[in-house]
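Novice: If you scroll down you'll find the structure; I have some questions about it.
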């Protein structure tokens, strides 16, 4: 098979799911209805800490329209959930510890949602209340004092001389600083929602908005005590996720599945926005202390990081998230001596889990803030300092990972320098600030790397499958284990298949994930879909092409080495005996030559020492650099973003428009984290900024008018057509870049995000 020029990859593509979404014909969970459907409402503890003493459901059972009130006794299987730590009871029983306000006590099912809501208020519980732990600082003090308290999670990295007593001895300068990054709410368009149906074959089918149907499948199976072959999970059209629909949907699939099992009728649960914000996982708040040693010419020698994360009332994905924090804490730089410790602490607040970037933005605020301080102290250009420390091909990451290929780190720095006209930009800002007394501008830089896929701590999940079927009319159906949740995965997958098969993209139909069609392909997280599902589809399509080549060879008596395939047409080496793809496919099916194939892809095993936190952390890394210009009103502490220059090494941009869209979207989400999204928790442990009247997220009005993007392509040999990922890296550099830009504008170091007005005014006035 000769390689032909690319016709789809790297070209302008139309979103394969765009029309149905624009027309409003896409069916989200809220839009799905089944005959005789009942509605479920969850009664939670509503208390942050205590011991459940009793539950009384009698009044609720007698309420109008109520079909069932389920408590712990009604669970046929294991009363436990949680990925990867099963520390989350499905339903509390008397004697159980209440760990946050959202812990489940009862599931109320009624003919209508309104009836279920009213009945849920009649569930009476008695809780022996305890003083809740609502402060990360309290846990940090307990840890520092020592004694019996042990953090729930401890992840570490050790490289070179990691002894705090000696690792800074050869450094010419040492810098230290504390940083803090708070919660962030996912704010996806569609709230959590699930529908369960228990059919005549005793199969439990669950439709839902999710990122990992396989997590849901396993969780429901354990709760019902069913074998997995009786649990079918179908992903409905999903309106955004950003990590918030990785493990969390399991916590809502189990209630509807339990209810459908007991009632033998469809059961639906869709959260209100307030419920969704109050109960579901958030980005981890992280406090970090950085100590960095520098040579007098600006090269990094040593770094020590101690970070503490609030994981909330239950662990959920905290071990995996905080491992990523530890791996990325030292930044995208070559550093000989590294010591990183990241601790996770239980509190009585909302559990924290996966969020776009997986624990990385919080620590990049620290390392990138320190890099600016180093540059200013040494009187070196901030961009130059990053260049001389940037990772390159053949260099070693802070975890000890030798990088053999696909390292566009320095190129992204050069690109933002070019896009921004860096020297002229600095002059423009200086002139502006001289002309304005109370309005100041500043430029901030950040430089990041991102380990693609789940990495060494999640290798068991880093595999994916696909099924491709060519039908008699030449159309092609594709089933993948990854999910489409608005990121454009269907379009990229269709383009990969179309490129291998040399068929137009409109012949492809990529279906929502269904666990009865595909084996466990892991979660759609960590920017892994393009590599894993993409490679699986490519492998399946290659098998189909082998069948077609063999058929053409036998039917046209042409030696395999003399077959040419171009533009969807098979010929011999002279361009004779043409047969189009559709014609040959039809012939294959008539002759019982199956044109369906499964594809599977998994990455080579990584060498990682978990005891010492050293080795190959990820299969590859994406890199990004960003320059942001902000304007600060020093009288009101209002901050606006004026200009953005950003460059990303994506390996290969399979769909450039999609990549740019991801970069724009990721930036706005990161801008929200940096400036607007202050999530408030009251003295009872309840989130009170629980709707979009009280929780501010950015809109089109806050998006900067000047936004320039450069895509760097340093191909990854194991990625489809050289691609890596862009979903997560699109957000990660932004909070650090904005924090550095505000610092530059006011001449004081910003050490926390979101940058609240009261905090910023304190810096401006010299109070902090």
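Read the figures in this text as sums done on the coordinates, not as results from a lab. Here the structure is a predicted model, which means the values were calculated and not measured. No Cβ is skipped: glycine too gets one built from the backbone with ideal geometry, and neighbour counts run over all protein chains shown.
Novice: Over segment 365-448, calculate the relative contact order: mean separation of alpha carbon pairs under 8 Å at least 6 apart, over the residue count, as a percent. Walk me through the numbers on the way to the answer.
Specialist: On the way: 55 pairs, mean separation 19.6, N = 84.
Averaging sequence separation for qualifying contacts and normalising by length gives 23 percent for segment 365-448.
Novice: Also, quick follow-up: Shape call for segment 584-626 from the C-alpha gyration tensor, a ≥ b ≥ c root eigenvalues: rounded (a/c under 1.5), prolate (a/b greater than b/c) or oblate?
Specialist: Oblate, because a/c is 1.5 or more while a/b does not exceed b/c.
Novice: Take the Cα of residue 189, step 7 Å along the line toward its Cβ, and report every residue of segment 3-32 whose backbone nitrogen sits under 14 Å from that point.
Specialist: 15-31
Novice: What is the distance in Å between the Cα centroid of segment 475-508 and that of segment 54-89?
Specialist: Cα centroid of segment 475-508 versus Cα centroid of segment 54-89: 41 Å apart.
Novice: Which of 732, 448 comes first, and how do the rest follow, when ranked by fewest Cβ neighbours within 10 Å?
Specialist: In order of increasing Cβ crowding within 10 Å: 732, 448.
Novice: Could I ask something else about it? For 430, 646, 694, what's the fewest-to-most ordering of other Cβ within 10 Å of each Cβ?
Specialist: In increasing order of surrounding Cβ atoms, one gets 430, 694, 646.
Novice: Report the FRET efficiency, 1/(1 + (r/R0)^6), for residue 423 and residue 636, where r is their Cβ-Cβ distance and R0 is 35 Å, rounded to 0.05.
Specialist: With a Förster radius of 35 Å, E is 0.65.
Novice: Taking 1 over the mean of 1/r across every pair of different Cα atoms in segment 234-327, what Kirkwood radius in Å do you get?
Specialist: 17.1
Novice: Given axes a ≥ b ≥ c from the Cα gyration tensor, I'd like to know whether segment 1-147 is rounded (a/c under 1.5), prolate (a/b larger than b/c) or oblate.
Specialist: Here segment 1-147 falls in the oblate category.
Novice: Can you compute the modelled spin-label distance between residue 6 and residue 438, with each label point 7 Å from Cα toward Cβ, in nm?
Specialist: With each label point 7 Å from Cα toward Cβ, the separation is 5.2 nm.
Novice: Listed highest first by mean packing, meaning other Cβ atoms within 10 Å per residue, what order do 248-254, 150-156 come in?
Specialist: Those peptides, ordered most packed to least, come out 248-254, 150-156.
Novice: Going by Cα centres, segment 522-590 and segment 138-215 are how many Å apart?
Specialist: 44
Novice: Also, I was wondering about something else. Using the count of nearby Cβ atoms within 10 Å as a rough guide to exposure, how do 126, 628 rank from fewest to most?
Specialist: Lowest count first: 126, 628.
Novice: What Kirkwood Rh does segment 162-254 have if only Cα atoms enter the pairwise 1/r average? Answer in Å.
Specialist: After inverting the mean inverse Cα-Cα distance, the result is 16.3 Å.
Novice: Which order do peptides 108-114, 562-568, 723-729 fall in by mean Cβ count within 10 Å, highest first?
Specialist: 723-729, 108-114, 562-568
Novice: When DSSP beta bridges are limited to those with both residues in the chain, what percentage is antiparallel, rounded to the nearest 5?
Specialist: 75
Novice: Given labels modelled 7 Å from the Cα in the Cβ direction, how far is it in nm from residue 569 to residue 33?
Specialist: Once both label points are built, they end up 5.2 nm from each other.
Novice: Over all Cα pairs of segment 458-528, how is the pair count split among 5 Å bins, expressed in % and running from 0 up to the last occupied bin?
Specialist: 3, 16, 28, 22, 18, 9, 3, 1, 0
Novice: Applying 1/(1 + (r/R0)^6) with R0 = 45 Å to the Cβ-Cβ distance of residue 200 and residue 542, what FRET efficiency is obtained, to the nearest 0.05?
Specialist: Working: r = 40 Å, r/R0 = 0.89.
With R0 = 45 Å, the Cβ-Cβ based efficiency is 0.65.
Novice: From the Cα trace of segment 408-468, what convex hull volume per residue do you get, rounded to a whole Å³?
Specialist: Measuring per residue, one finds 182 Å³ for the Cα hull of segment 408-468.
Novice: Something else now. Assuming R0 = 56 Å, can you tell me the calculated FRET efficiency for the pair residue 380 and residue 272, based on Cβ-Cβ distance, to the nearest 0.05?
Specialist: The formula returns an efficiency of 0.60 here.
Novice: In Å³ and rounded to a whole number, note down the convex hull volume per residue for the Cα atoms of segment 89-145. Could the numbers behind the result be given before it?
Specialist: On the way: hull volume 6.8 nm³, N = 57.
Hull volume normalised by residue count: 119 Å³.
Novice: Let me ask something else about it. Over the chain, what is the relative contact order in percent, taking alpha-carbon pairs closer than 8 angstrom and at least six residues apart?
Specialist: Result for the chain is 16 percent.
Novice: For segment 474-572, just run the numbers: alpha carbon Rg, then divide by 2.2 N^0.38 Å, N being how many residues it has. Walk me through the numbers on the way to the answer.
Specialist: On the way: Rg = 15.4 Å, N = 99, 2.2 N^0.38 = 12.6 Å.
Normalised Cα radius of gyration, segment 474-572: 1.22.
Novice: If packing is taken as the mean number of other Cβ atoms within 10 Å per residue, what is the order of 188-200, 735-747, highest first? Don't skip to the end; give the middle numbers.
Specialist: On the way: 188-200: 20.7, 735-747: 26.8.
Per-residue mean Cβ counts within 10 Å order the peptides as 735-747, 188-200.
Novice: While we're here: Given axes a ≥ b ≥ c from the Cα gyration tensor, I'd like to know whether segment 515-649 is rounded (a/c under 1.5), prolate (a/b larger than b/c) or oblate.
Specialist: Details: a/c = 3.12, a/b = 2.07, b/c = 1.50.
The shape class here is prolate.
Novice: For segment 117-175, what size does the Cα cloud have along each of its three principal axes, sorted from largest down, in whole Å?
Specialist: Cα spread of segment 117-175 along its principal axes, largest to smallest: 68, 27, 19 Å.
Novice: Using a simple spin-label model with points 7 Å from Cα along the Cα→Cβ vector, what separation in nm is obtained for residue 20 and residue 758?
Specialist: 4.8
Novice: Expressed as a fraction of 2.2 N^0.38 Å, the rule-of-thumb size for a compact globular protein of N residues, what is the C-alpha radius of gyration of segment 201-267?
Specialist: 1.04
Novice: Helix-only mean residue ellipticity at 222 nm, the chain, DSSP H runs n ≥ 4 weighted -39,500 (n - 2.57), per residue, nearest 500. What is it?
Specialist: Calculated mean residue ellipticity at 222 nm is -9000 deg cm²/dmol.
Novice: Where the eigenvalues come from the Cα gyration tensor of segment 578-721, what are the semi-axes √(5λ) of the equivalent ellipsoid, largest first, in whole Å? Before the final figure, lay out the partial values.
Specialist: Numbers: eigenvalues 388, 112, 86 Å².
Whole-Å semi-axes of the equivalent ellipsoid: 44, 24, 21.
Novice: Calculate the radius of gyration of the Cα atoms of segment 280-361 to one decimal place, then report Dmax, the largest Cα-Cα distance, as a whole number, both in Å.
Specialist: 14.2, 47
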